[in-house]
Amino acid sequence: MHILVVEDEKALCDTIVRSLKRLAYSVDACYDGQQAVELLSIERFDLVVLDLNLPGEDGMTVLKTLRKTDRETKVLILSARCEVSDKVAGLDAGANDYLTKPFHLDELAARIRSLTLRRFTQNDVVLTCSELSFDAKTRKASVCGEPLSLTRKETGILEYLMLNQGRPISQEELLEHVWDSSVDNFSNSIRVHISALRKKLRTALGYDPIHNRIGEGYVMEEKQ
């Protein structure tokens with residue numbers, strides 16, 4: 001999942017980014033509202049963690065600007081404003097959730113997990129494809145209960161393909177949802193990581209659940 005963290009307190013922002021990256025999320029960050037508006041106009045994110053008190057443009061302006069053209073990207077407001085009226089205003093403006101400061105990083109991770117998995121699962125946070133399982137809480141994959149050792153990028157690719165089983169995913173889409181803005185669009189990185197992931201899955205499962213449909217993209221399917 002590709003996440004944008006918008007927080008003007010640099011130390012806090014960097015702490016959030018490190019915490020989410022340890023969970024194998026792809027994360028970008030910025031420290032002011034104007035930069036956030038610009039990033040959201042050119043990049044595609046699955047979720048935005050948005051502070052309200054921002055220089056340049058305040059968080060409500062960022063949110064309202066985003067919602068003029070994008071109703072799909074999840075937005076989690078992160079703010080010291082704790083009045084009910086502030087929460088109502090944020091949710092009415094199009095936010096999907098509201099977390100007040102101070103907060104615990106584990107709660108933030110749980111809120112993010114809930115938002116990103118909401119349209120795929122209900123109470124269960126474990127994604128499955130035949131004998132392959134991915135626990136969205138621990139960010140760990142396993143085959144028949146045996147842990148599968150994956151790199152951060154392999155974890156991100158596997159999660160996204162499992163969330164979209166049966167649908168071809170192009171390299172461009174993987175680039176948007178699994179890589180941060182530092183990647184070169186013409187990099188061979190995606191193919192290298194997918195090749196490594198498929199090799200590990202083939203070894204653990206005895207077959208490769210990921211297929212490359214020429215002209216369409218990569219698709220994950222259960223063994224027929």
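The values are calculated or read from the model by the stated rules, or taken from the named source; none is laboratory data. It should be emphasised that the depicted structure is a prediction, and the values quoted were computed from it without experimental measurement. Cβ sites come from the backbone with ideal geometry, for glycine too, and all protein chains shown count toward neighbours. The area values use the complete protein model at the heavy-atom level, side chains included, leaving out ligands, DNA and RNA. Shrake-Rupley method; radii C 1.70, N 1.55, O 1.52, S 1.80 Å.
Full extension of the chain segment joining Lys140 with Val84 gains 16.5 nm, where the gain is 0.36 nm per residue of separation less the Cα-Cα distance. Taking 0.36 nm per residue of separation and subtracting the Cα-Cα distance, full extension of the segment from Ile214 to Ser149 would add 20.6 nm.
Look at [x] 20.3, 87; [y] 17.4, 59; [z] 18.1, 56: the one that is Rg and Dmax of the Cα atoms in Å derived from this structure is [z]. Its DSSP H runs of at least 4 residues, each contributing -39,500 (n - 2.57), put the calculated 222 nm mean residue ellipticity of the chain at -12500 deg cm²/dmol, to the nearest 500. Beta-bridge orientation, the chain: approximately 50 percent antiparallel, per DSSP, counting only bridges with both partners inside. For region 7-145, the solvent-accessible area with a 1.4 angstrom probe is 50 square angstrom per residue. With 24 Å as the limit on Cα-Cα distance, the pairs of Lys10/Lys68; Lys140/Lys200; Lys21/Lys68 that go past it are Lys10/Lys68; Lys21/Lys68.
About the Cα centre, and with charges only on the beta carbon of Lys, Arg (+1) and Asp, Glu (-1), how big is the dipole of the chain? Nearest 20 debye, please.
About 700 debye.
Axis angle, to the nearest 10 degrees, between helix 105-117 and the longest C-alpha principal axis of the chain: 60 degrees.
For Glu176, what charge total do you get from the other residues with a beta carbon under 10 Å from its beta carbon, if Lys and Arg give +1 and Asp and Glu give -1?
Combined, the nearby Lys, Arg, Asp and Glu give -3.
Antiparallel DSSP bridges in region 1-132: what percent, to the nearest 5?
Around 5 percent antiparallel, to the nearest 5.
For the pair Val192 and Ser114, label points projected 7 Å from Cα toward Cβ lie 3.9 nm apart. The label point for Thr65 and the one for Lys199, both projected 7 Å from the Cα toward the Cβ, are 4.4 nm apart. On the chain, 47 percent of the accessible area sits on carbon and sulfur atoms, based on a 1.4 Å probe.
Note on the chain: GNM, Cα springs under 10 Å; of Pro168, Pro102, Pro147, the largest mean-square fluctuation is that of Pro102.
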